[in-house]
Amino acid sequence: MTLMLFILFVIGILLAIFAYLIKERTWFWIPLFIIGGLLIALPFLVLIYFLTLPSMN
């Protein structure tokens, strides 16, 4: 699972970089940037969830 989250994080960074590079040419950069940002945030949210899970009991 950790490897999958790391892969999603890297793909998110690549999508955000790609969106930044094509932002002058087309409108397609907006959804790419949003999806990339979500993929960057997802591993951190899962990590925070599992780190705070034991303290909830």
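What about I30, is it at pLDDT 90 or above and farther than 16 Å from M1 by Cα? First the steps, then the outcome.
Values: at pLDDT 90 or above: no; farther than 16 Å from M1 by Cα: yes.
When the stated conditions are applied, I30 does not pass them.
Scanning the stretch 1-33 for residues that are more than 17 Å from V46 (Cα to Cα) and hydroxyl-bearing (S, T, Y) returns Y20, T26. From the list I48, I22, I7, I35, the one residue that fits, being within 12 Å of the chain's Cα centre (by Cα) and loosely packed, with under 15 Cβ neighbours inside 10 Å, is I7.
The values are calculated or read from the model by the stated rules, or taken from the named source; none is laboratory data. Everything quoted here is computed from the prediction, not taken from an experiment. Note that each Cβ is placed from the backbone with ideal geometry, even for glycine, and that neighbours are counted across all protein chains shown.
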